[in-house]
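Every read-out reported here was derived from the displayed coordinates using simple, explicitly stated rules and does not represent laboratory data. No experiment lies behind these values; they were computed from the predicted model shown. Cβ placement follows ideal geometry from the backbone for every residue including glycine, while neighbour counts extend to all protein chains displayed.
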Amino acid sequence: MTVEESVQIEASLERVWDTFTNLTCWKDWNTVLEDVLPEGRSVMETGGRFRCRIRPFVLGIEFESRIEEVIPYSRVVWQGERFGISARHAFEFTTTEANRVRVTSRETFEGPTTLVAGLLFPWRRIRELTVAMLEDLKLESQTLGPL
């Protein structure tokens, strides 16, 4: 199962990147992932980890993610496992012709309990959370204005 969504942001690539990669500021703008706790540095870097909670419904689900790849101003990928499901989440940052930044989120789920999880935790809700996180990033990046 793969969930892919994109958003166009009217802000500089530097502003969007800095907003997204500073984990300690996620509490200020990210309404999807709560209680984000980076292990070590507060800025995303390859090999880093962070813990957080997602609240798809009433109860939250805590998980730890390992950052697999950080290509500055281009791409971030992290991976996590919980309840027999492995999730790999990639974010790509590109500048469009209209001097906007397109952020694409692509999250892939695999594992023996993926089908069962789809019944308990509908995939449309995952898509809604993905869109919400991208919209949160857009709002925060545009509110801060250009660099």
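Listing for the model above:
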read-out: Extension gain from Glu128 to Ser86, taking 0.36 nm per residue of separation minus the Cα-Cα distance; value: 13.2 nm
read-out: Förster radius 22 Å - calculated FRET efficiency between Glu10 and Glu64 (Cβ-Cβ, nearest 0.05); value: 0.05
read-out: Label point distance in nm, Glu45-Ser74, each placed 7 Å from Cα along Cα→Cβ; value: 1.9 nm
read-out: Which of Lys138, Lys27 has the fewest Cβ neighbours within 10 Å, and the rest in rising order; value: Lys27, Lys138
read-out: Ordering of 38-46, 13-21 by burial proxy (mean other Cβ atoms within 10 Å per residue, highest first); value: 13-21, 38-46
read-out: Cut-off under 5 Å, modelled amide H: who pairs with Gly48 long-range; value: Ile67
